[in-house]
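Since the structure comes first, as structure tokens, the remarks are kept for the end.
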Amino acid sequence: MNDSHYLDEARDPLIIAEGWMKDGKDVAIATVVETWGSAPRPVGSHLVIDAEGNFHGSVSGGCVEGAVVTEAIDVIGSGKARMLEFGVADETAWQVGLSCGGRIKVYVERLG
Amino acid sequence: MDPYALKALNAERRARRAAILVTDLGDARDRIVREGDQVAGDLGAAIAKAFRSGNSGSVEAEGRTFFLNAHLPQPRLVVIGAVHISQALAPMAKIAGYPVEIIDPRTAFATPDRFPDVALHAEWPEDVLKRQPLDSYTALAAVTHDPKIDDFALKAALDANCFYVGALGSRKTHAKRVERLLALGATADQIARIHAPIGLDIGAASPAEIAVAVLAQTIHAFRSRGLDAKGAVA
């Protein structure tokens, strides 16, 4: 039937990444590859980022996206994929973490 | 990610075909595997499992770590018949993650009043399915009791390899239906795939209970795709 009912092209990260690529933008794709305990987004979820820091999709409930975007801009520059890991934020240190208590691994790679 | 892999993956997703993006986490190389592609060894077994479950995850094979991102089309349910059962089935199936479309040419039945918030086609199945063909990620339940409306859709569902095909009616009604479907050119193997009487045997009595039985059978059919009776990969 009508695909648009089932693939929300305006919000689909991988469709957006392809569009950005066609527009000549540099793009990074972040993917949740592993989760432990309570994690807001399942394995396979994507965040796509361009070199200006624009992004679509999610890899958490908004807890670590900022950090992933920063790393993604580096990955766009270097072309070298990175594995990031996020857990519960250390209460004494001002660092990024998941308040839900879970842990996630996010793979960040450049498109092309 | 390889730009060609992304383009190929999105093309498969737009066409409602299952695909898995396999990424070697060691060297970042990736490729697309389509359902039915032969992949050997432990990696192949993990890929087959991911196609069935739709779950993504990492797998160790050939001394390397691969990430399998499974992209399955959203399953959906086409119901032939805007009847009492369908009124209960449509909202329940939607909640369970199986969006519903209802087809019934009888305009007295197929009214937006009776079916708020459902994709509803007050047309013959022949016309709707020509425009919007069935596929292997679609389930079809025929519940009108009227051969003029149900039969064409059932034959189309078998030909399109719908993951679930169910038809309302007693064993006696179904025996007559089998004769008609054979006459339409369906094979005995195809006809054996029809669930009739429809629904899991939970002793359902009311239309809403029958809807539960149909939905449960649909979910079971979806989650056991590609498995034989013993649970092995076919």
Formal net charge of residues neighbouring A:Ile76 (Cβ-Cβ distance under 9 Å; K, R +1; D, E -1): -2
Sequence of B:Met1, A:Met83, A:Met21 once ranked by neighbouring C-beta atoms within 10 Å, starting from the fewest: A:Met83, A:Met21, B:Met1
Viscosity 1.002 mPa s, temperature 20 °C, Stokes-Einstein D of region B:76-223 from Kirkwood C-alpha radius, µm²/s: 144 µm²/s
Protection-proxy order for peptides B:126-133, B:199-206, each taking the mean of Cβ atoms within 10 Å per residue, highest first: B:126-133, B:199-206
With Cα atoms, 0 to 90° folded angle of helix B:207-223 axis to chain B main axis: 30 degrees
Relative packing of B:51-64, B:155-168, which averages over residues the other C-beta atoms within 10 Å, highest first: B:155-168, B:51-64
Coarse-grained scattering of the protein assembly as shown at q = 0.07 Å⁻¹, given as base-10 log I(q)/I(0) from a Debye sum over alpha-carbon atoms: -0.37
Pairs of alpha carbons in region B:3-71 whose separation is greater than 17 Å (percent): 36 percent
Charge dipole magnitude, Cβ of K and R +1, D and E -1 - region B:76-223, Cα centre, debye nearest 20: 240 debye
Length-normalised contact order for region B:76-223 - Cα pairs under 8 Å, 6+ apart - percent: 23 percent
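All of the numbers you see were taken from the coordinates with simple rules; none came from a lab. Every value quoted in this text rests on a predicted model; they were computed, and no experiment measured them. With ideal geometry, Cβ positions are generated from the backbone for all residues, glycine too; neighbour counts draw on all protein chains shown.
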